[in-house]
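Here is the structure we will look at, set down as structure tokens.
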Amino acid sequence: QVQLVESGGGLVQPGGSLRLSCAVSGLSVGNSALRWYRQVPGKERELVAALYSVGTVAYYPDSVKARFTISKDNAKNTVSLQMDSLKVEDTAVYYCNADDGSTAAGPNGYWGPGTQVTVSS
């Protein structure tokens, strides 16, 4: 059974930093596409970082580029999201996603339950 569990969310002031972690079990992060999404009420879920199993190429949308960094630890089977220079508009529930390309993963992969990040003074 595949399970993803996020941690590290919380309240932070604008300009601050947070590091989110996602503990993965049941599949290998080394062989999977890994992504972080975020969602605010009333809006679609937004991709904020992606790391693909081939090579070390990462993707970030312009809204978070140079502020967010995705990484993985193959030994611990975790994926992290370092968020710096946080802005009020980064407030959202953040979700970890992993996709090993298997039939069981389906078209959208596996999801964690999410962790709340609130950026406020």
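For the reader, a short list of remarks on this structure follows.
- Radius of gyration and Dmax over the Cα atoms of the stretch 1-89, both given in Å: 13.3, 38
- Expressed to the nearest 5 percent, the antiparallel share of DSSP beta bridges inside the chain is 90 percent.
- Solvent exposure of the chain as accessible area per residue, Å², 1.4 Å probe: 52
- Length released on extending from T103 to A23, taking residue separation times 0.36 nm less the Cα-Cα span: 26.6 nm
- Per-residue surface analysis assigns K87 an accessible area of about 90 Å², computed on protein heavy atoms at 1.4 Å probe radius.
- Computed over the stretch 60-121, Cα set: Rg, Dmax in Å: 13.8, 45
The values are calculated or read from the model by the stated rules, or taken from the named source; none is laboratory data. All values reported here derive from a predicted model rather than from experimental measurement. Each accessible area value is taken on the protein alone, full model and side chains, heavy atoms only, with ligands, DNA and RNA left out. Shrake-Rupley method; radii C 1.70, N 1.55, O 1.52, S 1.80 Å.
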